[in-house]
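Taking it in order: structure first as structure tokens, then the write-up.
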Amino acid sequence: MRIGLPLAEARARLPELAVWPQRVEADAALRRRLADQALRWSPSVACDEDGLRLDASGIAHLFGSESALLADIVRHFWRQGLTARACIADTLGAAWAGAQFGPTACTVFAPGQTRADLAPLPVAALRLAAEDLAQLQRLGLRRIGDLYPIADAASGRAGLARRFGPVVTQRLFQALGAEAEPLVPDAAAPALRARLAFAEPVTAPDALARIVAKLADDLCAQLAAAQLGARRLALVFHRVDGLPLRLALGTSRPTRAPSDIARLFVEKLGSLDPGFGIELATLDAELAQSLMPSQRDMLPDGDPGFTAADLAPLVDRLANRLGPANIGRLAHAESHVPERAQVFMAALGAVPRHLRTAQAPSQPRPLRLLGYPESIDVTAELPDAPPLLFRWRSQLHHVAAANGPERIAGEWWLKAGDIRDYYRLEDRQGRRFWVYREGLWGDGAARPPRWFLHGLFA
Amino acid sequence: MTGRTTAGAAYAELQVTTNFSFLRGASHPHEFVATAKALGHCAIGIADHGSFAGIVRAHVAAKEAGLKLLTGVRVDPTNGPPLLLYAKDRTGYAGLCRLISAGRRRAGHGNGCQVSLAECLALKGSVVAIALDPIELDAVAAAFGRDAYLAATFRYAGDDAAAISAQANLARRHKLRLVATNDVQAHAPERRALHDVLACIRNLQTIDTAGYLLAANAERHLKLPVEMARLFAAWPDAIAATAAIASACDFSLDQVRYDYPDLPGAEPGSAQATLTRLAWDGAKERYPAGIPPSVATQISYELEIVAELGYAPYFLTVHDIVMFARNRGILCQGRGSAANSAVCYCIGITAVDPTRMDLLFERFVSAARNEPPDIDVDFEHERREEVIQYIYAHYGRERAGLAGAIAAYRARSALRDVGKALGLTADAIAALSGSVWGRSEAAIDDTHIKAAGLDPEAPRLRLALTLARTLVGFPRHLSQHSGGFVIARGRLDEICPVVDAAMEARTILEWDKDDLEALGILKIDVLALGMLTCIRKAFDLIADAGGPRLELADVPAEDPAVYDMLCRADSIGVFQVESRAQMSMLPRLKPRCFYDLVIQVAIVRPGPIQGDMVHPYLRRRSGQETVSFPSQALEQVLSKTLGVPLFQEQAMKIAIVAAGFTPAEADALRRAMATFKRAGLIGGFGAKLVEGMVARGYARDFAERCFRQIEGFGTYGFPESHAASFALLVYVSAWLKCRHPAAFAAALLNSQPMGFYAPAQIVRDAQEHGVRVAPPCADRSLWDATLEGADTLRLGLRQIKGLGQAAAEALVAARPEGGYAGPADAARRAKLDRDDLEALARGDAFSAAGTSGLPRRQALWQAGLRAPRPLPLFDGLPSNDAPIILPEMALGEQVAEDYAHLRLSLKAHPLTLLRTYLLIAKMQTCAQLACSKNGARTTLAGLVLLRQRPGTAKGTIFVTLEDETGIANLIVWPHVFEAYRPVVLGARLLQVEGQVQREASVVHVIVRKLFDRSALLATLVGSAPVHYPSRDFR
């Protein structure tokens, strides 16, 4: 097996091959978590698909030496079951090369030695596209050192660029330090972030609540400026010992009310263990959606009516307090079988894609659908005329008007139920019922059709 | 309700949608017809969505069942109600055909049928119209008058009584008549599940997400007339209307008369005279020494039958097309049953001399069955389009069209679509369809499912399998036949709808070849054959090199050197006999004359192999078994093939001579053999054949064996005439290979892709035949491979991967006197861009260019340089860039680069470079293997050329390895394959251990162990991965 092999071919070679789809989002989330942890070593951390980058300027002495810093990093991830390779070097490019292709898991390229240290590494260590690598390979330029004579020639950089284009040249010169490459920390990665650092570690619970309120104020101001509202929020307390404590929650509608957001978090603070204290706190709007500024209410305390917007904070509070699974609502689900035509779902959750466009049934349905159809006795003409009279809960109803049958067959791909013929009935008192006969006359079934009452119209 | 009675009102279902409304109807046309007949309907009206694709099948079924069929179509006009239109007479049918043709061509291929209401209304008088929605009713009523109807359907939707009443009121108000239909999409309620699945497939949904796209109930099936009468008890006129419409429509497809086209420019009625003249003139030319009496008799006999049946225009049409090709210098040759005709030979359609064959004209044309003969003609594959466009231009698009082909669901595609619709995971579907190795008609059984790691009892899986089984055979879409042309005297689009094919500039009929045959419509197969291209190119190369100008007929016959070569299985590139199976047969069969080639072509086919005819024939041929005949009568039939029936014609003659079949019955037997779709049918002939033979005094076991052998043809048998046509090409290509190996190899390379072997093997084979092969060169190569002198082949620029033909031709055109100085020079003169230059440099085309040539890496460096280019002032001066010092390229790297960019290397074989290592590992070469004794143990290594898993071999894998000395054929039994699966399928350099199996000069290795040595290849180049291409599973 090799990377890039088509799945079908891999399966032909190894039929019992276990296959999982790549989960790009989960991978990214994991990297983000690792990047959060890396804040323990350096305040300036960036992460991408290839790994983490830390600005290590002036921090190595805190750990004893540069190699001790690398050892600490590798050990830290090793404890979590992750194999890490690390390199510290003068330039970002050289450090990347050393981490990917260096001789050991912890590589230190001594200051000023970059050129010599990089020379034996393969050109792949220059962060190049596959096509560029193939070009270099074909020309017999396999190691970074092979490029030096060309780069040193009279035409130098221009000559190299003429053959390989700007990227190869740039990568080489970046690695060698001849071209600057700043490290852009990921702090800006989440949509919006509020951040508070403390000179003295904070432990008191009420102090934490104040921190949350401050963060919420800050974040909501940013949201308002961007005309956004948060749907998913993450609060992270960085403990003195490096462990990040993370609280995340979602809202049912985009929101940027600081008091609402703060309240949702404060309700959950009790579960946190601040340990020896919190030194840094951040609040991220991980998912933000457009929220236009709304007009302020003209009536000071007026109650002009009940709107969906009023309901949302209540739903958020209830869901976050009682658990999101316990607050629900009804949604249409397209099914001909009446009891399956609606589903109960979590109020906060997004509507599943296949239900998003679900329509109501085209035929009229009763306002009240009984949880369980109730058996009734019916007098009706064969084979499929509507009932003339029926007895429900020991009361006799004379049918004054009827409509039907509406024939609904069971969903064969689930559990094949009997065919049902539904009738809308109105009795002499004007009450309206929804009844059905299960089974058809003369369909050869062992037992005769049975009648049920399934719903009541208003 | 249980008693099926036709008493009471007569009823005909008039709104039937079959599965030829793709992914809508859930039953075949014949299922509807049979069910309607059984239920006692007085007629059935089939109206598919904008199509007549299924109507012939319905017609055939209706004739068989004795039920009246109304021919109709459903259209959805852009500005009116959906309409069912039924032809009342031939005029109405012609109008419908043209309506569909126009609508489908307007909508574009596969996008349905787009018509306007006005077009539909214009058909008034000869068409009955049933509106399905109550819109624009006044217009419909005004146009169609007494023939205008409004449909009403009892759908069990809850409010049917009210809905039908409303419909009845509307009909009354707008002066239409109400007609009852059941909007049928399945012949029986059991098809509801499949109907839902089809809705899912059509809407790209799964059963769990399809929601209201699915049907609420299963009522849209054919119902008993009494049941329909009960549902419409309040509207008896609506039921009566169905019978009224049925009697008003007096059209049957039998009325579609097809006339052969006249020869353009000829007087009508003079066709027979023209054909007679052409035949005798041709005969004189074919036999300059005088027409042999047997041929003369045959010609007269054939002309008589042709005259009797009026087929002369057909022969002349084919002749006309063949003449066009000849005049354009396009090689062509008739194949198939036409080679049974001396007339076809004399007028130049076929090339097999009747004196060399025993003709069975009845196989081609028979007076007993009034059916058109079938003439298939092969043309050069690169130039067939010229012929096709000639036919369109010459006869006009309204008179000529390609036959359609109905692409139907097969086991794998059915399972994939049903699986998706039922929400099976992609993994499960892949695992299941992976278990259907190869294209299989067979259903998937439980063992396969378990082998794929799935539980056959899982309910969804069970459902998917059951439904997929029903779906197999359902039509999916209309595509084009490989080359069957229908040419008519009158307008073709009044016989059958003519629609656009997916391919540019092609128009096709909605009917496939079975439909055409059922209606007796003639078709001419204009087929493409790569070998004809190759032969023509070889002829051109020979003539250009100063040799004679050859034609197919000029090739010297029965050259012993050619047969010597074939007996050595030296047949790479030769038509038909180059496959591994054919190659292993050649030394055993030892062909010595043309007829041996006919047998060779026919014998290595699944039919004879499964019928177990190969070994008896070989034994008899080698004298190990005496040749005997069960009777004198059969001796005549079977003497040519030593008593073993090998050809379809022989099977027919056995049936006639030994079992007393009439020629027509024998032909029916042949048809049963030819079409596997009717595989069940051939069984019926079994008893008749065996009993017939026993009654005539043959031993029962001999009779049964005969039948089994005939049954073997059921899937793939060759008619002798077809084998003879192919054998001729075998001989010609073998002669070229033998006498003009350089030209032949060049022609093969220039006709790629075709045949069985990659350029690397063709080049290597040419080298082994003494041809010097030179690499592609910027200064010397053309796009195509060329000859430099008699025995030097210069590879063409076409060999270079990534180089376009236009760029290559620009390079050739701008070539300066002393050659190109380098990539920059080429770029300037030929205006090539960097991609072209790099392709040339990668293909090492500059290493011998100019005065001193340029090493590959230097060329690559220069080819990749970007602008700024040197100023015009300095044009032609060497660039003043400091010379770049690049590492030398080792031989191993050169070879790897050659393989990567030329697909072959003339510098060395990779295994030569690895041989030292392989010698240490005590590995044999392929050349040593060829001298090994039977049963010897062997270890060898080679590049994998080819992996095959033939359907007839029950899971055995055949692998071909190549090293620097030759090739080795491996046999991997299924249990070994299973143990070494990743190695067999993944390795590029394979090491095997096994036992030598030798039969005559045919050597195989029965493999015991395999090892993947691909890593060794990487050592040639440092670390670059190299892909040595193999051709797998073809």
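The values are calculated or read from the model by the stated rules, or taken from the named source; none is laboratory data. Just so it is clear, the model here is predicted, and its values are computed rather than measured. Every residue, glycine as well, gets a Cβ built from its backbone with ideal geometry; the counts of neighbours run over all protein chains shown. SASA here: full protein model, heavy atoms, side chains in, ligands and nucleic acids out. Shrake-Rupley method; radii C 1.70, N 1.55, O 1.52, S 1.80 Å.
Would you kindly calculate the mean projected area, averaged across all directions, of the convex hull enclosing the Cα atoms of segment B:716-860, in square nanometres? Let's see the in-between values first.
Numbers: hull surface 42.0 nm².
In nm², the orientation-averaged hull projection of segment B:716-860 is 10.5.
Given a 1.4 angstrom probe, what's the average accessible area per residue across segment B:226-333, in square angstrom?
For segment B:226-333, the per-residue accessible area is 45 Å².
In Å², nearest 100, what accessible area do chains A and B bury in total when the solvent probe is 1.4 Å?
Details: alone 27090 and 42550 Å², together 65370 Å².
Looking at A and B, the buried total is near 4300 Å².
Comparing the chain by itself with all protein chains present, which residues of segment B:212-243 are at least 10 Å² less accessible (probe 1.4 Å)?
B:Tyr212, B:Leu214, B:Ala216, B:Asn217, B:Glu219, B:Arg230
In the protein assembly as shown, what percentage of the DSSP-assigned beta bridges are antiparallel, given to the nearest 5?
80 percent
With only Lys, Arg, Asp and Glu charged, each at its Cβ (+1 for the first two, -1 for the last two), find how big the charge dipole of segment B:525-575 is about the Cα centre; round to the nearest 20 debye.
The dipole magnitude comes to about 160 debye.
Given a 1.4 Å probe, show me the residues in segment B:145-165 buried by at least 50 Å² of accessible surface when comparing the whole protein assembly to the chain alone.
B:Tyr156, B:Gly158
Looking at B:Ile885, A:Leu34, B:Leu541, which one has the Cα that reaches farthest to the positive end of the dipole of the protein assembly as shown (charges on Cβ: Lys, Arg +1; Asp, Glu -1)?
A:Leu34
For chain A, what is the relative contact order in percent, using Cα pairs closer than 8 Å and at least 6 residues apart in sequence?
8 percent
Which one of B:Thr18, B:Cys738, B:Leu532 has its Cα pushed farthest toward the positive end of the charge dipole of chain B, where Lys and Arg give +1 and Asp and Glu give -1 at the Cβ?
B:Thr18
Over segment B:65-148, what is the relative contact order in percent, taking alpha-carbon pairs closer than 8 angstrom and at least six residues apart?
31 percent
Would you list B:Tyr980, B:Tyr820 from the most to the least accessible area, probe 1.4 Å?
Accessible-area ranking of B:Tyr980, B:Tyr820, largest first: B:Tyr980, B:Tyr820.
What is the local net charge at B:Gly804, summed over the other residues whose Cβ is closer than 12 Å to its Cβ (Lys, Arg +1; Asp, Glu -1)?
Net of charged neighbours comes to -2.
Expressed as a whole percent, how much of the Cα-Cα distance distribution for chain B exceeds 37 Å?
So the portion of pairs separated by more than 37 Å is 62 percent.
Counting only other residues whose beta carbon sits under 11 Å from that of B:Arg74, what net charge do I get with K and R as +1, D and E as -1? It would help to have the intermediate numbers written out before the result.
Values: positive: B:Arg24; negative: B:Asp48, B:Asp76, B:Asp183.
That works out to -2.
What would the Debye equation give as log₁₀ I(q)/I(0) for the protein assembly as shown at q = 0.05, 0.06, 0.07, 0.08 Å⁻¹, counting only Cα atoms as equal point scatterers?
The computed values of log10 I(q)/I(0) come out as -0.61, -0.87, -1.13, -1.32.
Per residue, how much accessible surface does segment B:42-190 expose to a 1.4 Å probe? Answer in Å², no decimals.
Spelled out: the 1.4 Å probe surface of segment B:42-190, per residue, equals 35 Å².
I'd like the per residue volume of the convex hull spanned by the Cα atoms of segment A:43-141, given in cubic angstrom.
Details: hull volume 10.9 nm³, N = 99.
Convex hull of Cα atoms, per residue: 110 Å³.
Could you sort B:His975, B:His41, B:His174 by accessible area so the largest value comes first, with the probe set to 1.4 Å?
Largest accessible area first, the list is B:His975, B:His174, B:His41.
For a label point 7 Å from the Cα of A:Leu314 along Cα→C-beta, name the residues of segment A:226-255 whose backbone N is under 16 Å from it.
Within reach of a label on A:Leu314, which here means backbone N under 16 Å from a point 7 Å along Cα→Cβ, segment A:226-255 contributes A:252-253.
log₁₀ I(q)/I(0) of segment B:193-340 at q = 0.14, 0.15 Å⁻¹, via Debye over equal Cα point scatterers, no solvent, to two decimals?
-0.84, -0.91
Report the charge-dipole magnitude of chain B in Debye, nearest 20, computed about the Cα centre from +1 at each Lys and Arg Cβ and -1 at each Asp and Glu Cβ.
Using Cβ point charges on Lys, Arg, Asp and Glu, chain B gives about 1620 debye.
According to a simple spin-label model (label point 7 Å from Cα along Cα-to-Cβ), what is the distance in nm between A:Asp152 and B:Thr297?
Each label point is offset 7 Å from its Cα along the Cβ direction, giving 9.6 nm.
What's the long-distance tail for segment B:128-262, i.e. % of Cα pairs beyond 18 Å?
64 percent
Taking Cα centroids, how far is segment A:336-389 from segment B:127-187 in Å?
About 30 Å separates the Cα centre of segment A:336-389 from the one of segment B:127-187.
Would you be so kind as to list the residues of segment A:1-22 that have their accessible area lowered by at least 10 Å² in the full protein complex compared with their chain by itself (1.4 Å probe)?
Hits at the 10 Å² cut-off: A:Arg2, A:Arg11, A:Ala12, A:Arg13, A:Leu14, A:Pro15, A:Val19.
Using Cα pairs under 8 angstrom and six or more residues apart, how large is the relative contact order of chain B, in percent? Before the final figure, lay out each step's value.
Numbers: 1916 pairs, mean separation 78.1, N = 1034.
Contact order relative to length: 8 percent.
Work through the residues other than A:Ser290 whose Cβ is under 13 Å from its Cβ and net out their charges, Lys, Arg +1 and Asp, Glu -1. Don't skip to the answer; put the middle values down first.
On the way: positive: A:Arg231, A:Arg253, A:Arg256; negative: none.
Net local charge, A:Ser290 excluded: +3.
Would you mind getting me the FRET efficiency between B:Ser247 and B:Glu999? Use the beta-carbon distance for r and R0 = 60 Å, nearest 0.05.
Values: r = 72 Å, r/R0 = 1.20.
Given R0 = 60 Å and the Cβ-Cβ separation, E is 0.25.
Which one of B:Thr276, A:Gly270, B:Val601 has its Cα pushed farthest toward the positive end of the charge dipole of the protein assembly as shown, where Lys and Arg give +1 and Asp and Glu give -1 at the Cβ?
The Cα lying farthest towards the positive end belongs to A:Gly270.
Using a 1.4 Å probe on the protein heavy atoms, what percent of the accessible area of the protein assembly as shown belongs to carbon and sulfur?
54 percent
Once the Cα gyration tensor of segment B:481-529 is found, what semi-axes does its equivalent ellipsoid get, as square roots of 5 times the eigenvalues, in whole Å, sorted largest first?
They are 17, 14, 10 Å, listed from largest to smallest.
Using the basic label-point model (7 angstrom from Cα toward the beta carbon), what is the A:Arg33 to B:Lys907 distance in nanometres?
Rounded to a tenth, the inter-label distance reads 5.2 nm.
Scan around A:Leu121 for amide H atoms under 5 Å from its own, H built in the peptide plane at 1.01 Å from N, and keep only partners 5 or more places away or cross-chain.
For A:Leu121, whose amide H was placed from the backbone, the distant partners under 5 Å are A:Ile144, A:Gly145.
Provide the solvent-accessible area of A:Phe101, counting protein heavy atoms only and rolling a 1.4 Å probe, rounded to the nearest 10 Å².
80 Å²
Please compute the per residue accessible area over segment A:1-45 with all protein chains in place, 1.4 Å probe, rounded to a whole number of Å².
Each residue of segment A:1-45 exposes 70 Å² on average to a 1.4 Å probe.
May I ask for the Kirkwood hydrodynamic radius of segment B:927-1014, worked out over all distinct Cα pairs and given in angstroms to one decimal?
After inverting the pairwise mean of 1/r, the radius is 12.8 Å.
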